[in-house]
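K.L.:
Below: one structure in structure tokens.
The values are calculated or read from the model by the stated rules, or taken from the named source; none is laboratory data. Everything numeric in this text was worked out from a predicted model, so none of it was measured. Cβ sites come from the backbone with ideal geometry, for glycine too, and all protein chains shown count toward neighbours. The area values use the complete protein model at the heavy-atom level, side chains included, leaving out ligands, DNA and RNA. Shrake-Rupley method; radii C 1.70, N 1.55, O 1.52, S 1.80 Å.
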Amino acid sequence: MNASERACILRAEIDEHNYRYYVLDAPLISDAEYDRLFRELQALEADHPELVRSDSPTQRVGAAPLTGFAAVLHVTPMLSLNNAFADDEVMAFDRRVREGLAVDDEVSYVAEPKFDGLAVSLSYEQGSLTRGATRGDGSRGEDVTANLRTLHSIPLHLRGSGWPELLEVRGEVLMWHSDFVRMNARQREKGDKEFVNPRNAAAGSLRQLDPRITAARPLRFFAYGIAVAAGAALPATHSALLERLAEWGFPVAPERRRVSGPAGLLAYYADMGARRVALPYDIDGVVYKVDDLAAQERLGFVSRAPRFALAHKFPAEEAITTLLDISIQVGRTGALTPVARLMPVFVGGVTVTNATLHNEDEIRRKDVRIGDTVVVRRAGDVIPELARVLPERRPASATAFVMPTTCPVCGSLAVRNDDEAVARCTGGLYCPAQRKQALLHFASRRAMDIEGLGDRLVEQLIEAAIVRTPADLYRLGLLALANLARMAEKSASNLLAAIEQSKQTTLARFIYALGMRNVGEATARDLARHFGSLDRLLAADQGQLLQVPDVGPVVAQCIRQFCSEPHNLEVIAQLRAAGVNWTAGEATAPVAGSVAGKLFVLTGTLPSLGRDAARQMIEAAGGKVSASVSKKTDFVVAGAEAGSKLEKAQSLGVPVIDEGQMLALLTPGRSVP
Ligand code: 5U1
């Protein structure tokens, strides 16, 4: 047997043992035997470098450390799920599904655990792992391929056969409890920081610039869906799809079940609730999905969540502690929020020291007094809240809280409008607290994405009077930054590079970054899409704003208020003058989602995608593909040697695009070049 044949056998054997150990949890050989095989392959590849293949088991950790993560645009957005806590919400979900499908019979669902980890997307081309990305904001994630390659439960090459040319698998990265405990013990021994819970440990481990660090962390993966499958027919049901993923070598939750009707859903929830503590990993609920994939497609999506799926969350965890004090936090829009300062207590996997009290009415309604014994509640990622007081444990020294009438940060008057539950500081951007929050929001990942501009640094910049408005960020120089305490020159130049990079943005991000009240990410996207230019948005009157989907009178009023404030217009002008820009017409160019219902015709040979792959990608984004060109055709995608269809498109004035433009069209947030 020659070296190439031996390497081939060793790779196959090691892959098989990996799969049996990490995916099936049923090893056949001892660790020592596995190590022997692995070392033999390493030695062989060292002697014959020409035999090394990127999907060899020896190549899981090989990439050099990065300086930052590249952005990845998700062709199919990574959605979130609608949540339910109560049984009647589950019944209502089932009712909506039956109404949507116009059926009276019981619907078949697949129920799965809802992993408390990190959602990721894995792309395979011709069966080989080519890219792995985090969810990010659902449209844009981070390229963490080198890190995901180090997870033994993620196949570098798919097993079995019949895989699509292009496959995008969605799933969750998490850490098992036992691994978490062992890892934290190691961290402690080394004097390194311990992680608070397995979810944070998984997130921290995956976002490492050096893949060798990720490789040393015990991360696992579970697949739960397919986002893109081009070039092969998929099964007709979600349950069969999960089986297919298992055949291709992915770990799939062994606890998945097919159930029928709402009674089946609730029985599964009860069963998993009882088994939860015995599972090796954290789950924060269960997920229900309509099993029939054609029915899923008919049900479609509402806003950013599928109508065919629901996350049924477990009740929040609660703990008892003492309320030490109530302080006031001043938010970005000046809202004064009372915050409970608590005796530290471990609840829902983290140590909680603060909990929101929402507003003055809430304090009164719950009759909260400083010194009380209180119940703190925490559900998933949600900010902990003070659920209730235990009046029977109230000490005689407990004191009532009085809401201040002035801002505790800047001393301006705090005013509560009749129609609002919160009092607001009237200091505007004169108030350092509002300024700080506005800057943090402006720089945040989903807004201008300025990495390195954190809480402490913004505070320093405001204290030193170097930065007052977002526009000042673009005037920062190395000298001013380097003079700040605890600011190394390297960090200062990294920050300046991040600020420079943020200048190229999208209209939607820019609108969101401005921080208008009641304008979240989704509304910012709608506004960008509707108006197509910032100047049109700034000039829009109430009536024009009300024509934007999901914009009601309150939101329209907030936008008008913001856009008619001279100070805001000045900051916007300064930002534009500093070079902040976005592609002209970018917001009006069709983006994924708006491809829904559009009619495409493919002609000629595309440079990288097969005809089937292109069709599947269009269909996955909600478009349709037709064989012939007519006036109804929205786009003709033309490759090399396109013939009569191209001519017909040109004669009818139908837009002709190439493969790159088609991919841009199917990719959220990207403009058509
Ligand atoms: N188990 C599971 N978790 N989870 C999360 N399935 C699942 N599916 C998801 C998400 C966000 O999304 C698809 C329904 C689109």
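K.L.:
Assuming Asp25 fulfils every condition listed in (1) out of contact with any Asp or Glu (no Cβ under 6 Å at 6 or more places or on another chain); (2) at negative phi apart from one, which condition is it?
P.N.:
It fails just one condition, (2).
K.L.:
Further question on the same structure: Only residues that are at pLDDT below 90 and small (Gly, Ala, Ser): list them for segment 61-92, please.
P.N.:
Matches in segment 61-92: Gly62, Ala63, Ala64, Gly68, Ala70, Ala71, Ser80.
K.L.:
Exactly one of these conditions fails for Asp541: (1) surrounded by fewer than 15 Cβ atoms within 10 Å (Cβ to Cβ); (2) closer than 20 Å to Phe442 by Cβ. Give me its number.
P.N.:
All conditions pass for Asp541, except number (2).
Listed here are the residues, each with its yes/no results for (1) in contact with a helix residue (DSSP H, G or I) (Cβ under 6 Å, 6 or more places away or on another chain); (2) under 18 Å from Arg131 (Cα atoms); (3) part of a loop (DSSP other than H, G, I, E, B); (4) hydrophobic (A, V, I, L, M, F, W, C).
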site: Asn200; (1), (2), (3), (4): no, no, no, no
site: Gly204; (1), (2), (3), (4): no, no, no, no
site: Gln208; (1), (2), (3), (4): yes, yes, yes, no
site: Arg217; (1), (2), (3), (4): yes, no, yes, no
site: Phe222; (1), (2), (3), (4): no, yes, no, yes
site: Gly225; (1), (2), (3), (4): no, yes, no, no
site: Val228; (1), (2), (3), (4): yes, yes, no, yes
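K.L.:
Please go through segment 179-198 and give me each residue that is open to solvent by 90 Å² or more (accessible area, probe 1.4 Å) and in a helix (DSSP H, G or I), ordered by number.
P.N.:
Val181, Arg182, Arg186, Arg188, Glu189, Lys190
K.L.:
Mind checking whether some residue in segment 108-121 is away from the ligand (no atom under 16 Å from the Cβ) and not assigned by TED's automatic domain parsing to the domain that holds Arg39?
P.N.:
Looking only at segment 108-121, we keep the residues that are away from the ligand (no atom under 16 Å from the Cβ), and these are none.
Checking segment 108-121: not a single residue is away from the ligand (no atom under 16 Å from the Cβ) and not assigned by TED's automatic domain parsing to the domain that holds Arg39.
K.L.:
Among the residues of segment 270-279, write down those that are surrounded by fewer than 21 Cβ atoms within 10 Å (Cβ to Cβ) and within 16 Å of the ligand (Cβ to nearest atom).
P.N.:
Asp271, Gly273, Arg275, Arg276, Leu279
K.L.:
Scanning for something in a helix (DSSP H, G or I) and surrounded by fewer than 18 Cβ atoms within 10 Å (Cβ to Cβ), does segment 103-111 turn up at least one residue? If you could, list the steps in order and put the result at the bottom.
P.N.:
Looking only at segment 103-111, we keep the residues that are in a helix (DSSP H, G or I), and these are none.
Within segment 103-111 (the criterion being in a helix (DSSP H, G or I) and surrounded by fewer than 18 Cβ atoms within 10 Å (Cβ to Cβ)), the answer is no, since none of the residues qualifies.
K.L.:
Name, by its number, the condition in (1) touching a strand residue (DSSP E or B) at 6+ places or on another chain (Cβ under 8 Å); (2) farther than 30 Å from Thr399 by Cβ; (3) open to solvent by less than 30 Å² (accessible area, probe 1.4 Å); (4) of a type in the set (A, V, I, L, M, F, W, C) that does not hold for Leu293.
P.N.:
Of (1) touching a strand residue (DSSP E or B) at 6+ places or on another chain (Cβ under 8 Å); (2) farther than 30 Å from Thr399 by Cβ; (3) open to solvent by less than 30 Å² (accessible area, probe 1.4 Å); (4) of a type in the set (A, V, I, L, M, F, W, C), only one is false for Leu293: (3).
K.L.:
For residues in segment 181-199 being under 26 Å from Val252 (Cα atoms) and in contact (Cβ under 8 Å) with a residue 24 or more places away in the chain, which is nearest to the chain's Cα centre (by Cα)?
P.N.:
Per the criteria, the residue is Arg199.
K.L.:
For Val252, which of the numbered conditions (1) surrounded by fewer than 22 Cβ atoms within 10 Å (Cβ to Cβ); (2) modelled with pLDDT under 95 fails to hold?
P.N.:
(2)
K.L.:
Considering only segment 401-449, how many residues are under 22 Å from Asn568 (Cα atoms) and of a type in the set (Asp, Glu)?
P.N.:
The total comes to 1.
K.L.:
Applying the selection to segment 56-65, what residues are out of contact with any helix residue (DSSP H, G or I) (no Cβ under 7 Å at 6 or more places or on another chain) and more than 13 Å from His152 (Cβ to Cβ)?
P.N.:
Passing the criteria: Gly62, Ala64, Pro65.
K.L.:
Which of the residues belonging to segment 301-315 are within 12 Å of the ligand (Cβ to nearest atom) and outside any strand (DSSP E or B)?
P.N.:
Selection gives Arg304, Arg307, Phe308.
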